[in-house]
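Asks: My questions will all concern the structure given below.
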Amino acid sequence: MLSVEKLSKSFGGLQAVRDCTFKIEEGSITGLIGPNGAGKTTTFNMIAGEMEPTAGKIVFQGQNIAGLPTHKMFHLGIVRTFQIPHEFAKMTVLENLMVVPAAQPGEHIFNNWLNPGAVRTREDQVRQMAEDALDFLSISHLRDERAGNLSGGQKKLLELGRTMMTDAKLVLLDEPGAGVNPTLLLKIREMITRLREERGYTFCVIEHDMDLIAALCDPIIVLAEGTVLMQGTMEEVRSNPDVLDAYLGGGEEAA
Amino acid sequence: MDPVLYGYMLYGISLLTVGGMYAILALGLNVQWGFTGLFNAGIAGFFGIGAYTAAILTTNPHASHVGGLQMPYIVSAITAMLVAGIIAFLVGKVCLKLRSDYLAIATIGIAEIFRLIVNNETWATNGPRGISQIPRPFEGLPEPINQVAFLGVVLLTLAGVYWLMEIARKSPWGRVMTAIRDNETSAKAAGKNVETFRMEGFVIGCMIMALAGALMAHYLKFVNPQTTDPLLATFIVFVMLVIGGSANNKGAILGAFLVWTLWSASEIVAPRLLEAIGMTDAGIRSAYVRIFLIGLLLQIFLQKNPQGLLPETRPSSPGKNGS
């Protein structure tokens with residue numbers, strides 16, 4: 001579905017990602033792990049269009065998409081969540097979800113004045129979708145709360161909820177479990193599996209919680225110092241001495 | 001009628017008329033600053049573009065300036081908005097990629113450029129002496145009917161702008177604008193073309209400002225470079241919006257009328273205050289004291305009500321929790 005070919009990104013003298021090559025298979029939940037500073041989020045940012053690669057290709061469904069802006073990636077079906085929740089703080093939880101879907105006639109300002117009927121029809125659909133997503137996440141009671149007032153874990157759920165408002169093909173989750181309590185973590189895990197089954201999403205997950213990775217992901221890609229160290233199942237990753245080395249610092253101070 | 005009472009009535013009408021025009025300006029700024037966080041510090045420029053366009057289009061031909069086309073008011077008002085919209089688009093193309101504080105600097109620059117042009121291009125604008133004898137709707141009617149009728153025009157325009165902007169605020173378009181204000185990265189990740197939406201907000205806001213400028217030109221019957229004085233056409237509009245409540249259209253209107261009333265009253269109160277404490281040259285000094293007082297008012301007020309008199313509300317969404 002997505003293949004990353006010799007992807008590189010430099011910030012001045014620092015090469016955050018270099019010659020990174022891997023594939024994400026359709027229908028998989030691919031894990032992306034590695035020590036801090038391995039280039040995981042930078043890779044995500046390039047796939048999601050937030051950063052332009054210094055070199056290399058990102059091929060999504062046969063098309064090289066490297067360097068396209070974020071909003072275009074969204075319309076191709078690549079949707080991301082953020083490590084630190086990026087909620088729309090002053091908007092209600094329901095609005096946070098309703099703002100996401102594409103093809104809203106009301107986003108063209110003149111339609112609101114000249115064709116309110118079409119706007120209302122779509123608006124009712126979008127609201128229903130948002131209500132369903134809130135039900136699915138069991139946060140319906142927070143519907144009219146300002147998103148900025150939610151707890152850290154609830155904001156994480158809202159991040160996931162936004163991906164449900166799209167026709168995503170590939171969902172990039174950046175540390176969905178960070179700062180989330182164990183009960184909520186189970187919930188998030190269940191959600192990801194359900195979304196794959198019910199909606200056919202393909203996932204790529206960055207995560208430091210190895211239990212979550214073990215429970216969800218196959219295959220797992222290990223990044224270290226900006227490049228792919230290995231790819232395989234959890235057992236293979238666990239038994240690979242290089243991975244341990246990378247995490248413990250391989251001669252350098254562990255980050 | 002008792003002449004004193006009659007004087008008060010005329011004062012009241014003028015207060016409401018100018019307040020109404022400021023309310024339109026504040027609604028324009030609200031689209032930019034309130035809805036989507038664009039720091040336009042060049043309101044005076046777009047206000048001035050509106051005022052000069054209306055002046056040039058509706059006056060009688062005169063040797064001292066271009067135009068004098070004697071066009072109907074409605075044509076001149078629409079043209080004023082279109083001209084401002086086109087200029088806003090060009091300015092936006094260059095400036096909207098800048099981060100908020102740089103946008104403020106750039107827009108101040110644009111407004112100053114406009115002021116210098118009208119000041120120096122005497123062949124077109126009659127320079128510092130300005131354009132006079134601008135017609136005003138209903139001026140042929142006897143006083144005070146003519147003043148009341150013009151007030152009616154202003155309030156109807158205000159009501160129209162409010163109605164359109166209230167629909168816009170509650171619409172999916174307004175929702176995207178707020179999303180961009182709250183978190184630009186996330187709005188992009190939700191597939192929104194942030195630059196396009198920003199441009200729309202900027203252009204619409206500037207067109208509304210130009211409409212207020214056109215009304216002001218007809219009301220004063222005179223425009224000169226002083227009309228685009230940043231104090232009275234940029235700074236005070238921000239004070240109005242912030243005190244009234246950013247992102248709240250009702251707040252913008254309330255703030256405009258309130259601050260204009262206070263500002264207007266300070267013209268009478270400030271010199272007397274200075275005389276009372278025995279200061280010499282009270283008349284000259286009071287002009288500066290007024291600016292000081294309005295700044296002080298903003299400071300004190302914001303300490304108590306950082307969200308303004310009418311804080312932002314979100315449009316209620318019908319559904320199972322009711323609302």
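The values are calculated or read from the model by the stated rules, or taken from the named source; none is laboratory data. Bear in mind that the values here come from a model prediction, so they are computed numbers and not experimental data. Every residue, glycine as well, gets a Cβ built from its backbone with ideal geometry; the counts of neighbours run over all protein chains shown. All accessible areas refer to the heavy atoms of the entire protein, side chains included, with ligands and DNA or RNA removed. Shrake-Rupley method; radii C 1.70, N 1.55, O 1.52, S 1.80 Å.
Asks: Once you average over the residues of A:99-108, how many Cβ atoms of partner chains fall within 10 Å of each Cβ?
Replies: That average works out to 6.
Asks: Which whole-number percentage describes the relative contact order of chain A, with Cα contacts under 8 Å and a sequence gap of 6 or more? Before the final figure, lay out each step's value.
Replies: Values: 459 pairs, mean separation 70.4, N = 255.
RCO, chain A: 28 percent.
Asks: Here's a follow-up. Convert each backbone phi in the range A:177-191 into a coupling constant with the Karplus relation 6.51 cos²θ - 1.76 cosθ + 1.60 (shift: θ = phi - 60°), then list the ³J(HN,Hα) values in order as whole Hz, x for Gly and Pro.
Replies: x, 5, x, 10, 6, x, 5, 5, 4, 4, 4, 4, 4, 4, 4
Asks: May I pose another question? Can you give me the relative contact order of the range B:20-304 as a percent, contacts being Cα pairs under 8 Å and 6 or more apart?
Replies: It comes to 34 percent, rounded to a whole number.
Asks: Right, something else. Once whole DSSP H runs in chain B are found, which of them have Cα atoms spread over 20 Å or more along the helix axis and a mean Kyte-Doolittle score of at least -0.5?
Replies: Result, helices passing both filters: B:3-29, B:43-58, B:73-95, B:100-120, B:145-170, B:194-220, B:249-276, B:282-304.
Asks: Of all accessible surface on the protein assembly as shown at a 1.4 Å probe, what whole percent is carbon and sulfur? Please list the in-between numbers first.
Replies: Details: 15140 of 25300 Å².
Ligands and nucleic acids excluded, carbon and sulfur reach 60 percent.
Asks: Could you tell me how far the Cα centroid of the range B:263-309 sits from the Cα centroid of the range A:16-63, in Å?
Replies: 60 Å
Asks: Using θ = phi - 60° and the Karplus curve 6.51 cos²θ - 1.76 cosθ + 1.60, what whole-Hz ³J(HN,Hα) does each residue of the range A:111-124 get, with Gly and Pro shown as x?
Replies: Those phi angles translate into 4, 5, 8, 9, 9, x, x, 5, 4, 5, 4, 5, 4, 5 Hz.
Asks: Restricting to DSSP H runs of at least four residues, report the calculated mean residue ellipticity at 222 nm for chain B, -39500 (n - 2.57) per run over all residues, nearest 500 deg cm²/dmol.
Replies: My calculation for chain B gives -23500 deg cm²/dmol from helical runs alone.
Asks: Report the net charge of residues surrounding B:Ala41, where surrounding means a beta-carbon distance below 12 angstrom and charges are Lys +1, Arg +1, Asp -1, Glu -1.
Replies: Around B:Ala41, the charge tally is -2.
Asks: Tell me whether the range B:20-304 comes out rounded, prolate or oblate; compute the Cα gyration tensor, take square roots of the eigenvalues as a ≥ b ≥ c, and use a/c under 1.5 as the rounded threshold.
Replies: oblate
Asks: Tell me: how much accessible area in total is hidden between B and A, 1.4 Å probe, Å², nearest 100?
Replies: 3000 Å²
Asks: OK, next. Would you mind classifying the range B:200-323 by shape? Square roots of the alpha carbon gyration tensor eigenvalues, ordered a ≥ b ≥ c; an a/c under 1.5 is rounded, otherwise it is prolate if a/b is larger than b/c and oblate if not.
Replies: Numbers: a/c = 3.13, a/b = 1.51, b/c = 2.07.
Since a/c reaches 1.5 but b/c is at least a/b, the shape of the range B:200-323 is classed as oblate.
Asks: Still on this model: Would you check the accessible area of B:Thr227, probe 1.4 Å, heavy atoms only, in square angstrom rounded to 10?
Replies: Number for this one is 20 Å².
Asks: With point charges of +1 on the Cβ of Lys and Arg and -1 on the Cβ of Asp and Glu, referenced to the Cα centre of the range A:1-56, which listed residue (A:Phe22, A:Ser10, A:Phe44) lies farthest in the positive direction of the dipole?
Replies: Farthest along the dipole direction, towards plus: A:Ser10.
Asks: Still on this model: For the cross-link pairs B:Lys170/B:Lys250; A:Lys90/A:Lys156; A:Lys90/B:Lys97; A:Lys90/A:Lys169; A:Lys9/A:Lys156; A:Lys40/A:Lys169, which exceed 22 Å when the distance is taken from alpha carbon to alpha carbon?
Replies: Violating the 22 Å limit, Cα to Cα: A:Lys90/B:Lys97; A:Lys90/A:Lys169; A:Lys9/A:Lys156.
Asks: With θ taken as phi - 60° and the coefficients 6.51, -1.76 and 1.60, list the Karplus ³J(HN,Hα) couplings across the range A:205-219 in order, rounded to whole Hz; mark glycine and proline as x.
Replies: 10, 8, 7, 9, 7, 5, 5, 5, 4, 4, 6, 9, 9, 7, x
Asks: Another question, then. How much net charge surrounds A:Gly67 when only the other residues with a Cβ under 14 Å from the Cβ of A:Gly67 are counted, with Lys and Arg +1 and Asp and Glu -1?
Replies: The answer is 0.
Asks: Compute the relative contact order of the range A:123-255 as a whole-number percentage, counting only Cα pairs closer than 8 Å that sit 6 or more residues apart in sequence.
Replies: Working: 108 pairs, mean separation 21.2, N = 133.
Once normalised by length, the contact order is 16 percent.
Asks: Would you calculate a helix-derived [θ] at 222 nm for chain A, using -39,500 (n - 2.57) for each DSSP H run of n ≥ 4 and dividing by the full residue count, to the nearest 500?
Replies: -11000 deg cm²/dmol
Asks: Relative to the Cα centre, what is the charge dipole magnitude of the protein assembly as shown, using +1 at the beta carbon of each Lys and Arg, -1 at the beta carbon of each Asp and Glu, and rounding to the nearest 20 debye?
Replies: Value, rounded to 20: 1380 debye.
Asks: Still on this structure: Would you list which lysines come within 19 Å of B:Lys221, measuring only between C-alpha atoms, while excluding same-chain residues fewer than 8 positions from it?
Replies: Once the sequence-local lysines are set aside, nothing remains near B:Lys221.
Asks: Also, I was wondering about something else. Could you give the distance between the Cα centres of the range A:153-175 and the range B:7-51, to the whole Å?
Replies: Comparing the Cα centres of the range A:153-175 and the range B:7-51, I get a distance of 42 Å.
Asks: With both partners inside the protein assembly as shown, how many of the DSSP beta bridges are antiparallel, as a percent to the nearest 5?
Replies: Taking every DSSP beta bridge with both residues in the protein assembly as shown, the antiparallel ones total about 60 percent.
Asks: Roughly how large, in nm² to one decimal, is the mean projection of the convex hull of the alpha-carbon atoms in the protein assembly as shown?
Replies: With the hull built on Cα positions only, its mean projection is 33.7 nm².
Asks: Here's something else I'd like to know. For a test of the definition: using alpha carbon positions, the gyration tensor, and the 1.5 limit on a/c, classify the range A:57-197 as rounded, prolate or oblate.
Replies: Values: a/c = 1.88, a/b = 1.12, b/c = 1.68.
Oblate shape, in that a/c is at least 1.5 and b/c is the bigger or equal ratio.
Asks: Which net charge results for the neighbourhood of A:Val205, defined as the other residues with beta-carbon distances under 12 angstrom from its beta-carbon, given Lys and Arg at +1 and Asp and Glu at -1?
Replies: Within the 12 Å Cβ shell, the charges total -1.
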